[in-house]
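Asker: Shown below is the structure under consideration.
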Amino acid sequence: MPDTIYDIAVIGSGPAGYTAAIRAGQYGLKTALIEKDPYLGGTCLHVGCIPTKALLFNAELWDHLKDAKEYGIEGVNSRKLNWQAVQERKTKIVDKHAKGLQFLMRKNKVETIKGTGKLTGPAQNGVHTIEVKDGSKGNQIKTKNVLLATGSEARMIPGLEPNDRVLTNIEILNMGAVPKSLVVVGAGAVGVEFASIFRSFDCEVTIIEMLPRMVPLEDEEVSKELARVYRKRGINFHGGAKVDKVEKTKSGIAVTFTADGKQQKLEAEKILIAIGRKPNTDGIGLEKTRIQTERGFVKTNEWMQTAEPGIYAIGDIVLGTPQLAHVGGGFRM
């Protein structure tokens, strides 16, 4: 491996990274795809869009069964939810897509390298060196170009850590049972999707959002319609609200928040923190280059070039780019 000089090395195998690696392979470039996790696909495939959409379909089907008699379908009043089977179906879908990605890498002659990639500085004689560390093992790879696609992770309220009661998108997807009650902090795409899923399964759901309306990045008409539908479904919503404190109780959590100048307190079995995502740019060697950042996001030009020649950035880590899988996957070389 040390004697190999790649045309391009992609760090991160999410929708941005794997799409770029496949396209590079199709162009005949000698391509390496570096991934720290034991699987390809990143957040979207494993703990984001794909498993969430799988659960949303289960939830929709469960909702239809509640009204089966109205549709002329008899004998389903004794229906019973098998949450383990729901989770198993979700896992099968994710595994199938992950295997598909592995196949696509082989088909397009992309070499996958397991480990955490780290920049070592500017190119020397037109060739970059990337340190790749996998546990106690470490090596270096040489490449003419580098594509940073390290993705993002869930932001957490200061002072809180994820556990069996305080959840991010990762923990909530792996729960062993549907909680009886759930507080969702954040009414963006992640928050409202999980609120919908668990309300369908008869969980008592309350959403707390700092801004005045649900999905605040969408058109106001969309927010109004979503709020109307959620109210009808029995999902509680507090807009313009600030979380003051989250405490552990005997059976779950207690959330103290301020809305309309009044402090309120809610108790629930679980709390989902869905207040946005932060770029994974720490520890990848940016400080050894001329790459410029703002709040952890990488600055690029219109061609996704950074300030360091030969190094590009795409996906969730790029400043000013929507943190959406289809945006990252839309990159074209």
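Only the coordinates and a few stated rules stand behind these numbers; no lab work does. Because the structure is a prediction, the values reported are computed rather than measured. Positions of Cβ are backbone-derived with ideal geometry, glycine not excepted, and every protein chain shown enters the neighbour counts.
Asker: List the trypsin sites (Lys or Arg not before Pro) within region 272-327 that DSSP assigns to loop and that have no more than 15 neighbouring Cβ atoms inside 10 Å.
Answerer: When the trypsin sites (Lys or Arg not before Pro) of region 272-327 are filtered for loop state and at most 15 Cβ neighbours within 10 Å, R290, R295, K299 remain.
Asker: Could you calculate the contour length gain from K36 to A307, that is, 0.36 nm times the residue separation minus the distance between their Cα atoms, to one decimal place in nm? Intermediate values should be presented prior to the final figure.
Answerer: Working: separation 271, 0.36 × 271 = 97.56 nm, distance 2.50 nm.
Full-extension gain reported as 95.1 nm.
Asker: So, one more: R0 = 35 Å: FRET efficiency of H64 with R295, Cβ-based, nearest 0.05?
Answerer: 0.20
Asker: With springs only between Cα atoms under 10 Å apart, run a GNM on the chain and tell me which of G240, G310, G48 wobbles the most.
Answerer: G240
Asker: Just to confirm a number: summing +1 for Lys and Arg and -1 for Asp and Glu over residues other than T168 whose beta-carbon lies under 11 angstrom from that of T168, what do you get? Numbers along the way, then the final one.
Answerer: On the way: positive: R155, R277; negative: E153, E161, E171.
Around T168, the surrounding residues sum to -1.
Asker: I'd like the chymotrypsin sites (Phe, Trp or Tyr not before Pro) in region 273-333 restricted to DSSP loop residues with at most 15 other Cβ atoms within 10 Å, sorted by number. Provide the component values of the computation, followed by the final result.
Answerer: Working: sites: F297, W303, Y312, F331; in loops: W303, F331.
Here the sparse-neighbourhood loop sites are W303.
Asker: If I stretch the segment between S78 and K232 completely, what's the gain in nm (0.36 nm per residue apart, minus their alpha carbon distance), one decimal? Working shown, then result.
Answerer: Details: separation 154, 0.36 × 154 = 55.44 nm, distance 2.45 nm.
This chain segment gains 53.0 nm when fully extended.
Asker: Excluding same-chain residues fewer than 8 positions from K288, which aspartates and glutamates have a Cα within less than 16 Å of its Cα?
Answerer: Result set, ordered by chain and number: E131, E308.
Asker: Whats the longest run of the chain with zero GluC sites (Glu not before Pro) that are DSSP loop and have at most 11 other Cβ atoms within 10 Å? It would help to have the intermediate numbers written out before the result.
Answerer: Numbers: sites that count: E74, E302.
My reading of the result: 75-301 is the longest stretch.
Asker: Which of the trypsin sites (Lys or Arg not before Pro) found in region 195-257 are in a DSSP loop and have at most 16 neighbouring Cβ atoms, other than their own, within 10 Å?
Answerer: Answer by residue number: K250.
Asker: Could you compute how fast region 137-263 diffuses translationally, taking Rh as the Kirkwood radius over C-alpha pairs and applying Stokes-Einstein at 4 °C with viscosity 1.567 mPa s? Give it in µm² per second.
Answerer: 78 µm²/s
Asker: Could you work out the pair-distance distribution P(r) of region 1-142 from its alpha-carbon pairs, with 5 angstrom bin width and percents rounded to whole numbers?
Answerer: Percent of Cα pairs in each bin: 2, 9, 15, 15, 14, 11, 8, 7, 5, 5, 4, 3, 2, 1, 0.
Asker: Additional query: When the chain is treated as a GNM, springs tying every alpha-carbon pair under 10 Å, which of S78, S181, S251 comes out with the largest mean-square fluctuation?
Answerer: Answer for the Gaussian network model of the chain: S78.
Asker: Another question, if that's okay. Kirkwood Rh and Cα-based Rg: tell me the resulting Rg over Rh for the chain, rounded to two decimals.
Answerer: Value, to two decimals: 1.02.
Asker: Sticking with this one: What does the net charge come to around P122 if you take all other residues with beta carbon closer than 10 Å to its beta carbon, with K and R at +1 and D and E at -1?
Answerer: Values: positive: K288, R290; negative: E308.
Surrounding charge for P122 is +1.
Asker: Moving on to the next point. If the limit is 20 Å between Cα atoms, which of K66/K92; K69/K92; K107/K142; K109/K278; K30/K107; K36/K142 go over it?
Answerer: Violating the 20 Å limit, Cα to Cα: K66/K92; K69/K92; K107/K142; K109/K278.
Asker: Between 0 and 90 degrees, rounded to the nearest ten: what's the tilt of helix 15-26 against the longest Cα principal axis of the chain?
Answerer: Once rounded, one gets 40 degrees.
Asker: Place a point 7 Å from Cα of T120 in the direction of its Cβ. Which residues in region 26-43 have their backbone N less than 17 Å from it?
Answerer: Only 32, 34 fall inside the zone, counting backbone N under 17 Å.
Asker: By count of other Cβ within 10 Å, fewest leading, how are R165, R155 ordered?
Answerer: Sorted ascending by nearby Cβ count, the order is R155, R165.
Asker: Pull out the extension gain between K250 and D219, defined as 0.36 nm times the separation in residues minus the alpha carbon to alpha carbon distance; nm, one decimal.
Answerer: That works out to 7.1 nm of additional length.
Asker: A 22 angstrom limit on the alpha carbon distance is what I want to check against. Which of K224/K245; K90/K114; K90/K232; K245/K270; K180/K250 exceed it?
Answerer: Distance filter (> 22 Å) returns K224/K245; K90/K114; K90/K232.
Asker: Could you state the angle between the C-alpha long axis of helix 220-233 and the longest principal axis of the C-alpha atoms of the chain, as a value from 0 to 90 degrees rounded to the nearest 10?
Answerer: That works out to roughly 50 degrees.
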